[in-house]
There are 2 protein chains.
Amino acid sequence: MADDALFDFLHMEIVSHVTKSDAGLLQDGDEAMSKLEQIGYSTGYRFIERLTKDLSRFKDELEVMKAICKDFWTAVFKKQVDNLRTNHQGVYVLQDNKFRFLASISNSRQYLELAPKYLVFTCGLLRGALASLGLTCIVTAEVTTMPACKFQVHLQRA
Amino acid sequence: MADDALFDFLHMEIVSHVTKSDAGLLQDGDEAMSKLEQIGYSTGYRFIERLTKDLSRFKDELEVMKAICKDFWTAVFKKQVDNLRTNHQGVYVLQDNKFRFLASISNSRQYLELAPKYLVFTCGLLRGALASLGLTCIVTAEVTTMPACKFQVHLQRA
């Protein structure tokens, strides 16, 4: 639907704004990536609070991850995560076969080098949402063929 | 609905990101405002293309403005503009009595000095949407009591 496109376009503009310096040159990659991740983190942290405010408390870590794959992903990307895998030791892999921010870029390996900057906001979004639900983690993303991608969540045990 | 909150939170983060420098200090006001306006412009330019792609061509300037107040505002802010006025000489005033980006900040004159940075993205959004529909303009915003605000559109004739 057209309304959803607003979020997509806004996301694209942020990526483009953050990764370009005032002089129109590409910024230091790490710094720009870190900013995008932070914007995602704060957005995710607040958004999951709103989303889960009428739900009962989650029983365990796996339930939290399932809610992220289902409710959170649907609210943000209008589809569920296609596959969730875990090693039962704090590593979860969320696979989205048609990730929305990549779907309009390519459906092959072409432009693969551009993919990371369109994933890092979502890594932050995930990390923020999980932090808000009490799980500290590191999130990384991986793409082999667009528009599919995998987000790997490493939970940090206290 | 919770889904709409995502756009609100993302907007808040962008405002906060752009108006703060790396050192955590407030950036030069004009520069930050101009960046926010540009992000809004590009977003609005693209979004209106998507929104109007199945509509027939607009007859005149007034029809464009009506579509902005009704379809565009509803798609972005989930409500219509409450009042549209014009002097029939290229100046249009769009009044929103409960502007979404201000509604969560205050419902009085308190914090009035913070309002401009939450309006400038929308000024750009409007300017971009109108540019995409062939109307060059300058957009300014005015608030007297939050969360009501007025956007003034000055069309630039060729």
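Brief remarks follow.
- Exposure of A:D71 as accessible area (Å², to 10), given a probe of 1.4 Å and all protein chains: 70
- Largest to smallest in accessible area, the residues B:I14, A:I105 fall in the order A:I105, B:I14 (1.4 Å probe, all protein chains included).
- Working from Cα pairs under 8 Å separated by at least six residues, relative contact order for chain B is 27 percent.
- Per-residue SASA remark: A:E113, around 140 Å² accessible (1.4 Å probe; ligands, DNA and RNA not included).
- Counting heavy atoms of the protein chains alone, B:M33 has an accessible area of about 60 Å² for a 1.4 Å probe.
- For B:I138 and A:D30, the FRET efficiency from 1/(1 + (r/R0)^6), where r spans their Cβ atoms and R0 equals 22 Å, is about 0.05.
- Coupling constants for segment B:86-92 follow from the phi torsions by the Karplus curve (6.51 cos²θ - 1.76 cosθ + 1.60, θ = phi - 60°), and in residue order they are 9, 9, 6, 10, x, 10, 10 Hz; glycine and proline get x.
- Label reach from B:H154 (point 7 Å along Cα→C-beta): in segment B:62-98, amide nitrogens under 11 Å belong to B:91.
- For segment B:48-96, trypsin sites (Lys or Arg not before Pro) meeting the loop criterion (DSSP other than H, G, I, E, B) and having at most 10 other Cβ atoms within 10 Å: B:K53, B:R57, B:K59.
- Checking every one of the trypsin sites (Lys or Arg not before Pro) in segment A:118-158 against DSSP loop status and a limit of 12 other Cβ atoms within 10 Å picks out A:R157.
- Compared with the dominant principal axis of the Cα atoms in chain A, helix A:2-19 is inclined by about 70°.
- Over the protein assembly as shown, accessible surface divided per residue gives 51 Å², non-protein components excluded, 1.4 Å probe.
- Nearest 10 degrees, 0 to 90: helix B:29-51 Cα axis against chain B principal axis: 40
- Shielding by partners, peptide B:39-46 (average Cβ within 10 angstrom, other chains): 5
- Short-range pairs are left out: with C-alpha atoms under 8 Å and at least six residues apart, the relative contact order of segment B:47-137 is 22 percent.
- Between 0 and 90°, nearest 10: helix B:120-132 axis offset from chain B longest Cα axis: 20
- Scanning residues 5 or more positions from A:F58 or on other chains, none has an amide H under 5 Å from its amide H, with H placed 1.01 Å from N in the peptide plane.
- Buried accessible area, chains B and A (both chains, 1.4 Å probe, Å² to nearest 100): 2700
- Sum of -39500 (n - 2.57) over DSSP H runs of 4+, divided by residues of chain A (222 nm, nearest 500): -13500 deg cm²/dmol
- Here the protein assembly as shown exposes an accessible surface that is 49 percent carbon and sulfur, computed with a 1.4 Å probe and the other protein chains kept in place.
The values are calculated or read from the model by the stated rules, or taken from the named source; none is laboratory data. Being a predicted model, the structure only gives us computed values, none of them experimental. Here Cβ is always computed from backbone atoms with ideal geometry, including for glycine, and neighbour counts include all displayed protein chains. With ligands, DNA and RNA removed, areas are computed over all heavy atoms of the protein, side chains included. Shrake-Rupley method; radii C 1.70, N 1.55, O 1.52, S 1.80 Å.
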